[in-house]
1. Through the Karplus equation 6.51 cos²θ - 1.76 cosθ + 1.60, θ set to phi - 60°, convert the phi angles of segment 64-78 into ³J(HN,Hα) values in whole Hz; use x for Gly and Pro.
2. For segment 104-206, state which GluC sites (Glu not before Pro) are in a DSSP loop and have at most 12 other beta carbons lying within 10 Å of their beta carbon.
3. Two decimals is fine: what is log10 I(q)/I(0) at q = 0.14, 0.15, 0.18 Å⁻¹ for segment 156-304, from a Debye sum with one equal scatterer on every Cα and no solvent?
4. I need the phi-derived Karplus couplings for segment 310-317: 6.51 cos²θ - 1.76 cosθ + 1.60, θ = phi - 60°, integer Hz, Gly and Pro marked x.
5. If r is the Cβ-Cβ distance from Q31 to A136 and R0 is 30 Å, what FRET efficiency results, to the nearest 0.05?
6. For segment 105-148, list residues with backbone N below 11 Å from a point placed 7 Å from the Cα of S203 toward its Cβ?
7. Convert each backbone phi in segment 259-269 into a coupling constant with the Karplus relation 6.51 cos²θ - 1.76 cosθ + 1.60 (shift: θ = phi - 60°), then list the ³J(HN,Hα) values in order as whole Hz, x for Gly and Pro.
8. Rounded to the nearest 0.05, what FRET efficiency is calculated for L263 and A23 with R0 set to 56 Å and r the Cβ-Cβ distance?
Amino acid sequence: MSETSPKAEAAKLLPFLMLGERADLQAAAAQHVLALTGSGPGRTLLAGQAALLRSLVELAVAPPPAPARDAARALVNLAADPGLHKPLLEAEPGLPVRLLGCVLDPQWPWAEEAAAVLANLSREPVPCAALIEALAAAEPGESGLERLVRALCTPGYNARAPLHYLGPVLSNLSQCPATRAFLLDRNRCVVQRLLPLTQYPDSSVRRGGVVGTLRNCCFEHRHHEWLLGPEVDILPFLLLPLAGPEDFSEEEMERLPVDLQYLPPEKQREPDADIRKMLIETIMLLTATAPGRKQVRDQGAYLILRELHSWEPEPDVQVLIGDEPERGLENLLEVQVPEEVERQLQQQDHQEREQQELELDPGPQAEEAAPT
């Protein structure tokens, strides 16, 4: 590409990305754009090319022989930069709707790439709201969120795309109260369908997204008793990934849920430190109220967390085991946080989000994001 006028050179790609162009020229142009999205300057350059971005979206949702996969992967990289969300949505306001259609199509071969774009976009409030609106406007008879959860929880929903990145998508959506209300609707049994995925062996992306979703749901302290009770029984699903092959005494073993008793010697803990951290945070949220603390204690959580604390190799994964809070602080989720502390926490959260990028497998160009 000419160093004197990269913008003009990028604009020359536009005719070759248009629908109806020769397939070989489309493929070459899409590969060139994908290479540009691998660097910050390249992404910034493309962000100013609204017509090119629209053509890229058209290719990403076009049937063969269009180079939809490379176009979608380029969108993954562009969406990994929060600063580019605005130009992307301005160039194609219907982007969330169009991608959602690809994701929920059981026959679409590049549904994983489309889900990865949505996972990156939905990390920010504006595109997340657009996606929620798209889900709400889905076909009558079944809500868009229900279809998304069904796709996430159904093995082989799409034979050509594993849809692991629907986990982070749902985690991001669950930051919205309306999504949490849907997930925690006691007549839908959504949470119960998600729980087995906390031990999904084939993808840390899917596991992490589901654990992030459960963590966000646990901010709703009014549902803690139900979540911990027999209808959901969430705690064993949170503790089992944190448990190792420890040999407890008979007395201690009887305090544990049945699923955590007499684990085999080869039992391994969750290998991903970020997921272990989220699991611990979810358990801590469930102890925000006095009844929740009692239910967690009665199910032997302390035993698992005690052994985890002795084993944990990562200093960032802190296992907190504390005494009952003082009077007036019985519900920790209703404690008023000083403004300065809240600002510091928000700044830390913002910095963590900036470091999160989304990576597709296989392929080197896409960038990785952990669930929020």
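Just so you know, all these numbers are worked out from the coordinates, no wet-lab data involved. Since this is a predicted model, take the numbers as computed values, not measurements. Neighbour counts are summed over all protein chains in view; Cβ atoms, including those assigned to glycine, are modelled from backbone coordinates with ideal geometry.
1. Using θ = phi - 60°, the values come out as x, x, 4, x, 5, 5, 5, 5, 5, 5, 5, 5, 4, 5, 5 Hz.
2. E142
3. -0.68, -0.77, -1.09
4. Result, ordered by residue: 5, 8, 3, x, 9, x, 6, 9 Hz.
5. According to the calculation, E is roughly 0.25.
6. 111-116
7. 5, 9, 8, 6, 6, x, x, 8, 4, 10, 7
8. 0.55
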